[in-house]
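Notes to accompany the following structure.
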Amino acid sequence: MTDVEAKARAYLGEGRVRVVSSGGGIADVLVRGTAVYAVQLSGGRWTCTCPARVERCAHIVAATLICGPGDFALVERPSDEQRMVKASDLRAGDVCHIGRSPALTLIYDPVLVSDYLRVYYRHNGTEDSAYVKPTDDVRIVTKADAR
Ligand SMILES: [Zn+2]
């Protein structure tokens, strides 16, 4: 368990986490740390008003322990624009979010590299690649073969 996770679990145990609302990919949570911070889930992304400028502060981790990670929350009510597929279903031309990434356009079909899929994508004119597990859920924006 990381320090951040231990701190998050302590917040839960001490009753410092209050879920104001949660569901349908949106959550509103208040966490009392040094001060009271507002933790929110929207568009698959968690944000926190605390000064820690990190991807996942203890307040966000505490909120996800109750509400589930953003991607899971989105699975509850997938819209046509944001449905989930397994990474193994990705093809060249698909537009998708990998983890918390912005919308990425796949350049090639993903390539299996030992147990991982290497996904080549283009974003803002730059080409790059990322590794995902074939069984990972990926949020699809546009499916190439559905056009
Ligand atoms: Zn925070």
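The values are calculated or read from the model by the stated rules, or taken from the named source; none is laboratory data. All figures in this text were calculated on a predicted structure; none of them were measured in a lab. In this analysis, Cβ positions are derived from the backbone assuming ideal geometry, glycine residues included, and neighbour counts consider all displayed protein chains.
Of all residues in the stretch 93-114, those satisfying the criterion of being touching a Lys or Arg at 6+ places or on another chain (Cβ under 7 Å) and not in a strand (DSSP E or B) are Asp94, Arg100, Ile107, Asp109, Pro110.
Answer yes or no as to whether Met84 is part of a loop (DSSP other than H, G, I, E, B) and either in the same structural domain as Tyr116 (by TED's automatic domain parsing) or at pLDDT below 85 (or both). When the stated conditions are applied, Met84 does not pass them.
For the stretch 37-55, name all the residues that are near the ligand (Cβ under 9 Å from one of its atoms) and in a loop (DSSP other than H, G, I, E, B). Answer for the stretch 37-55, where residues must be near the ligand (Cβ under 9 Å from one of its atoms) and in a loop (DSSP other than H, G, I, E, B): Thr49, Cys50, Pro51, Ala52, Val54. Looking only at residues in the stretch 34-53 that are buried (at least 16 other Cβ atoms within 10 Å of the Cβ) and free of Cβ contacts under 8 Å to residues at least 24 places away in the same chain, the one that is farthest from Ile98 (Cα to Cα) is Tyr37.
I'd like to check something: does the stretch 10-33 contain any residue that is without any contact (Cβ under 8 Å) to a residue 60 or more places away in the chain, within 11 Å of the ligand (Cβ to nearest atom), in a loop (DSSP other than H, G, I, E, B) and aliphatic (A, V, I, L, M)? No, the stretch 10-33 contains no residue that is without any contact (Cβ under 8 Å) to a residue 60 or more places away in the chain, within 11 Å of the ligand (Cβ to nearest atom), in a loop (DSSP other than H, G, I, E, B) and aliphatic (A, V, I, L, M).
Which is acidic (Asp, Glu), modelled with pLDDT of 85 or more and surrounded by fewer than 19 Cβ atoms within 10 Å (Cβ to Cβ), of Asp89, Asp94?
Values: Asp94 fails: surrounded by fewer than 19 Cβ atoms within 10 Å (Cβ to Cβ).
When all the criteria are applied, what remains is Asp89.
Every residue in the stretch 115-137 that is touching a Leu at 6+ places or on another chain (Cβ under 6 Å) and either outside any strand (DSSP E or B) or aliphatic (A, V, I, L, M) (or both), please.
Taking the stretch 115-137 and keeping what is touching a Leu at 6+ places or on another chain (Cβ under 6 Å), we get 121, 123, 132, 134.
Val132, Pro134 - these are the residues of the stretch 115-137 that are touching a Leu at 6+ places or on another chain (Cβ under 6 Å) and either outside any strand (DSSP E or B) or aliphatic (A, V, I, L, M) (or both).
Of the numbered criteria (1) modelled with pLDDT of 85 or more; (2) of a type in the set (Lys, Arg); (3) closer than 22 Å to Leu12 by Cα, the one Arg56 fails is (1).
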